Structures are given as structure tokens and as C-alpha cells.
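The structure appears below as C-alpha cells.
No lab work stands behind these numbers, since they all come straight from the coordinates. Predicted model, so just to flag it, every value in this text is computed and none were measured. FYI the Cβ positions are ideal-geometry reconstructions off the backbone, even for glycines, and counts take in every protein chain you see.
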Amino acid sequence: MTAPGDADVAADGPAARRLRTAVWVVLIVVAVAALAYALRPAGSRTDAERVRDLAAEIRCPDCESLSALDSQTGSARAIRRDLRQRVADGESDADIRRTYADRYGDSVLLKPASDGLGLLVWGLPVLLVVVAGAGLVVAFRRWRRTPTLQATDADTAIVEQARARRAEP
């Protein structure tokens, strides 16, 4: 049993389009809010957490495939000691990163800067995913709107003739 007004929503009329648009807007708002909540800072960090986070962002100069946190080389241990000392001395995370980037080059940072070229490195893949998703939505809508083709009597006759010829020995 349907309620009054359900026929308008079930049809592909303006009311159904408005409802679908409203649902998509609500889903996007919820997704953005969830992402913002997940990425918010968790409050003040302890010195040990700062050292761990910084060591995870700095590449080991010897092995280069691991962070200073994950590597067990002598230089990685020295970097971790230096990070503990710098954090204890009150240096900011940005100053510490800049010191290591100045000493070893920008490639020592595992996380690129979020401005200039770094913004392009981080933003371009996200932009490509969004554009690809929009392209898929457009393609699926066009595909859904394409009318299905029905075989004509002439088409059916051609198929029957081909089957009859194939069935002949």
C-alpha cells in the first residue's frame, strides 16, 4: 500500500529529481563532516608523541626506504636522539622539519609541503578522483537513459534464416 503522494516520487518527475538531489546533498554533507571530524587535531601532544610523529615524517638518510622511526641504522638512531633534544629545547615541529630539509634536502621529508608544488602533489590525485567520479556519474546516467532496442520483424526473419542455414547438413 502506498501513501498519497508516493506516485509523484516513484515517477521520474521533478519531485523525484529533487528528492534524489536532496539525498545526494545530505550524503555529501555527512561525508565532509565525518572527514573533518576524523582529521581534527586530537589536542595537545606529549613530547614523546611529537618525537615519534616527527621521526615518522623524516626519511632515514642511509636506507631512504624507511622513516627514521622505522629504521635501525646508526643515523636513524642519531636523528631520533636529535629530535628528542630539539623537542625538549622547545623548537616547533615546523622549525625541526625545516632544519632537516635544509641539512639533507627536501627529499628527506616523507610528507611533502602543503603549499606550492607540494599542494600540486597532494591535490592533483584528489582532483583526478573527483573528476573521474563525476565522469562515471555522467556516463551511467547517459547509459541508463539510452532506450533499449527491440528486434524488428525483419531482424527476427534474418536470425531465423541464419539458424535454418546452420541447421542444414
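One decimal place: the segment Val23-Arg52 gains 6.2 nm when fully extended, by the rule 0.36 nm per residue minus the C-alpha distance.
In the chain, helical runs assigned H by DSSP with n ≥ 4 each contribute -39500 (n - 2.57); averaged across all residues and rounded to the nearest 500, the mean residue ellipticity at 222 nm is -22000 deg cm²/dmol. A Förster distance of 35 Å, applied to the separation of the beta-carbon atoms of Asp155 and Ala134, puts the FRET efficiency at 0.40.
Here the stretch 22-158 was treated as a single set of alpha-carbon atoms; its pair distances binned every 10 Å from 0 give 10, 24, 23, 16, 11, 7, 5, 4, 1 percent.
The relative contact order of the chain, computed from alpha carbon pairs under 8 Å that lie at least 6 residues apart in sequence, is 13 percent.
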